[in-house]
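Single-structure report; data block below.
Just so it is clear, none of the values below were taken in a lab; they were calculated from the coordinates. This one's a predicted model, so the numbers in the text were calculated from it and none came from an experiment. Every residue, glycine as well, gets a Cβ built from its backbone with ideal geometry; the counts of neighbours run over all protein chains shown.
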Amino acid sequence: MASVDYDSVDYEEWNQSIYEYGEEMTAPVYKETLPTYVIFMLVLYTIIFIVGFFGNCIVIYGVMQQGLNKTTSSFFIANLALSDLAVLVLSLPVGLLQELASWPFGELACKIFYPLGDVFLLVSIMTLTVISFDRYRAVVTPKKRFTKTQTKLAILVIWIISYLICGLPTSFLLKLITTNEGVKFCYPFWPTTLQRRVHMIVITVIVTIPLFIIAYSYIRIVRTLWRVRVIHKNVVGLTKESHARLEKKRKLVKMLILIVFAFTVCSLPYIVYTLFLEFGFDKEKQVEMEIGLVVVLSLFYTNSAVNPLILCGMSKDYRKGLRPCKC
């Protein structure tokens, strides 16, 4: 996850150890009155957490309630909800504590938890990509959809690949720095600026290319469903069951497209802003940088709360998770 750049070290000329540098760091000066944007951030993050936490729990429970009627889409959507839930439970609170106070855990937790935000982001985009591919196979091509076993295997592979790409490499570079004032920072220290920038560009490409694949898949799916709908209108004596199946497919595709749209709107600003901080931002404008970071991170976290609202609003199958609270 992106974070405020607390150091101004020239990595190319850096010839002292990280721990020596940590001893020379000074902690941020915290005022008795919090800035307005920080208060706004705390209120907004609290709302996002409450809505997203209960919403994603409802979606997961709703999938569990489907029993043997679970489809491949149900498994993938449950995985998406699990990823969103992990963002809200792990990434949001830990990141917020580091930004406003101090890293709350030790160095091992620093290496484990810090990269998880990017891991969850990649899990989400890969899950959405596999969903679009599965729908493409089912609607556009005559091939069968994934079996339940293949779906579960795909979900496992998604998590493993996401951690190997975004989590493991960064964990080796993370260091826990303690300032003279006792404030702790968990931060990745790259051997050179070039390596850090290459890594950021690679991750950006890995995250954005699937969006084009998803867009292509759903364009083909929508065109195919439209042609089928036209054909059905011209067929005399078509059964109600056939019309019902087509309508169900259309509703599912609409819902999935809306989820992809929400993901793109909420996640792309975070990705673009991270690159902007690295390549084009004036680091002397610290306040502007922090306010911009609050905005893009708020959008990023909002996606984890929006998905369950879309699912529960557009599908009665996922509203089954509301039954325990008699909603």
Per residue, what volume in Å³ does the Cα convex hull of segment 74-159 take up? 87
Can you order the peptides 37-44, 93-100, 75-82 by their average number of other Cβ atoms within 10 Å per residue, highest first? 75-82, 93-100, 37-44
